[in-house]
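What follows is a set of notes on a single structure, which appears directly below.
Computed from the coordinates by the stated procedures, all read-outs in this text should not be read as laboratory data. Computed from a predicted model, the values in this text were never measured in an experiment. Positions of Cβ are backbone-derived with ideal geometry, glycine not excepted, and every protein chain shown enters the neighbour counts.
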Amino acid sequence: MIIVDDVHKRYMTSHGAGRWVLRSLNFTIAPKVNVGLVGRNGAGKSTLLRLIGGIDTPTKGHIERHCRLSWPMGYGGGLQGSLTGRQNAKFVCRIHGHDEDMQDRLDYIADFAGIGHYFDQPVKTYSSGMRSRLQFAMSMAFDFDVYISDEVTAAGDIAFTNKAAAAFKRVADHAGLIMVSHSEETLRQFCQAGIWLHDGSAYWFDDIEDALANYKESIGA
Amino acid sequence: MTRPIRSSVQITLASWKALFLREAVTRLAAGRAAWAWLLVEPLGYLIFIMTLFGFVYHKKVGGVDGAMFVVTGLLGFYFARNTFLRSMEAIHANGALFTYRQVKPIDTVLVRAALEGFLTLLSAILILAGASLFHYDVLPDDPLLVMATVFGLWLCGLGLGLILSAATKLVAELGKVVNILIIPLYFVSGVMIPASTIPQPYRDYLLFNPFLHGLEVLRGAYFSPFHAVPEASLGYVYGFALVAVFLGLSLHLRFSRQLVAE
C-alpha cells in the first residue's frame, strides 16, 4: 500500500524556486494493483517515480510506503563502471539484506542477464544492451511487493525483450507494478489502473483505458 | 516468500557493509596494482622530505631521530588529510548509487572515512615495520596517548570530510580551493618542523590549526625526549573534531535533498 498525501514538488533552479512540477497529488495505490503513468514529456512522470521510490523527497506533503518497494528500474543509474557486473550485483544483494542467499541471487542474475563471461568484466566495457540486461536481471532477482519501472521493457534485443516481458508478466501477476511507458500496448498488457499527469495534477482512473483516452485527447492525437 | 520489513538500523548497517566492501574493492583491486600505491605514496613523500631536509636536520630534531620525526609527522598528518580528502569526494563518486534509496549521501562519507582510516593504519604499520628492519626505534613510549591522538586526528578528518562533502556538492568551486590549500597545510601543520621552532607571534596564529596540536601531542607521546610546546593540547584536537562532526552532520541533515540531486 502506497499513500501519496498532498504531494507538491518543485526544483530549485539558479534563479530560485522553479515552477511547480507536481501540485497537490493525492492517491492511494492498493496492494497488487498495477498502475500505468501517462502524460506528455516533462509532465513529471519520472519525478513522481523518483518520489515514490524514495530517491527524492517532496517539497510539501508526504508519501507512505507500507511495503517492500523496488528502486526505479530502467533508470540508467545504479551501476559503477569500474566494477564488474558480479560486484555490482553483490552490492545490490547486500543493501537489500540478501547476505545469506547471495549465491542464489547471483546465479539467478547471471543466468537471466545471459551476458556470459562479461558478467565478470567491468561494466564500463558493456554495450548499452548488456547494461540494460544486467539492470533488468538485478531488479528481477528480488521479491518486492511493488516494482517501479521507468520505460524498462524497451531494453535489449528481441530475444531478451521477450524473455523480459514474460518475467515482467509473472511479476505483475503476484506483485504491484507502477510503470511509465509511452507504448499503449505495454500499458494495456500490464496495467489495470492508470494515472494521467497533466499540468502538474494527477488524475486517477480505475481503468487504464480511461487514462489513455484522456491523455490522447489532451495531446490532440 | 514474504520477508519482514527491515528496521532503519538494519538497512543502514547493511548499506554500510555493502559500501565498505565496494569501496575497498575499488580502492585496492581496480586499476593496475592499486594496492601498491598505499605504500608508494607515503614512501615517496618520505624519501623526498628526508633528502630535502637531511642536510638541515643533522640526525636529530628536538631530541628525536630526524627520520622518525618526519615519519610520525607524515603518518599522523595522513590520518587527518587522507580521511577528509577522500571522504570529501564520496558523494560525487557515488552519485549513481543514490538510485537505491537505502544509500544516503552521509553513508558514503562515513564509510569512506572509515576505510581511509583503516588503510592509513595499515600503511602506517607496514612503514613502521619496515623502518624497524633498518634498526630504527619504532615503538612509541606512550602507546595509549599515541592511539588517542591518532584517533583524534582521524576524527578531525571525518568532521572536515562531512563538512566539505556537503559544501563541495552545494558549491562545486570549493573543491578547487581545498586542493590549493592542501599544500600550505603541510607546512603549517608541523609535518616537518616542531612547533617550538616557529617564532612568536606566528606560533599562536598557527596553533589555531588542530593538526599542529595533534602532531605535537603525537610526537610528545611517541618520543619521551621530545618537548611539545606547552600550548599543544589533545583537548583542542577533540574539541575541533566534535564541532566539525556536528557541523558536518547538520549540513547533511539540512541539505539532504540537495545532496541527492544529480
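See the values below:
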| quantity | calculated |
| --- | --- |
| Filter on A:45/B:169; A:45/A:90; A:9/B:104; A:45/A:124; A:9/A:124; A:60/A:169 - keep pairs with C-alpha separation over 32 Å | A:9/A:124; A:60/A:169 |
| Interatomic Cα distance distribution for the range A:109-221, bins of 10 angstrom, percent | 13, 40, 28, 16, 4 |
| Cα pair distances exceeding 20 angstrom across the range A:1-102, given as percent | 51 |
| Kirkwood-Stokes translational diffusion coefficient of the range B:8-260, alpha-carbon pairs, 20 °C, 1.002 mPa s, µm²/s | 113 |
| Loop-located trypsin sites (Lys or Arg not before Pro) in the range B:58-163 whose Cβ has at most 16 other Cβ within 10 Å (DSSP) | B:59 |
| For residue B:91, net neighbour charge (Lys/Arg +1, Asp/Glu -1) across residues whose Cβ lies under 11 Å away | +1 |
| Relative contact order (%) - chain A, alpha-carbon pairs under 8 angstrom, separation at least six | 28 |
| Relative contact order computed over chain B (Cα-Cα under 8 Å; 6+ residues apart), in percent | 25 |
| For the range A:183-208 versus the range A:100-125, the gap between their alpha-carbon centres in whole angstrom | 34 |
| On Cα atoms only, tilt of B:8-28 relative to the major axis of chain B in degrees | 60 |
| Chain A - share of DSSP beta bridges that are antiparallel (%, nearest 5) | 55 |
| GNM top mover of A:191, A:67, A:93 - chain A, alpha-carbon springs below 10 Å | A:67 |
| Cα coordinate range in the range A:55-100, projected on the principal axes (Å, largest first) | 39, 26, 14 |
| Pair residue A:161, residue A:198: separation of 7 Å Cα→Cβ label points (nm) | 3.0 |
| Test item: A:46-57 mean partner chain Cβ contacts at 10 Å | 2 |
| Helix-only mean residue ellipticity at 222 nm for the protein assembly as shown, each DSSP H run of n ≥ 4 adding -39500 (n - 2.57), per residue, nearest 500 | -18000 deg cm²/dmol |
| Surface/4 of the Cα convex hull for the protein assembly as shown, nm² | 26.4 |
| Calculated FRET efficiency for the pair residue B:126/residue B:47, C-beta based, R₀ 25 Å, to 0.05 | 0.95 |
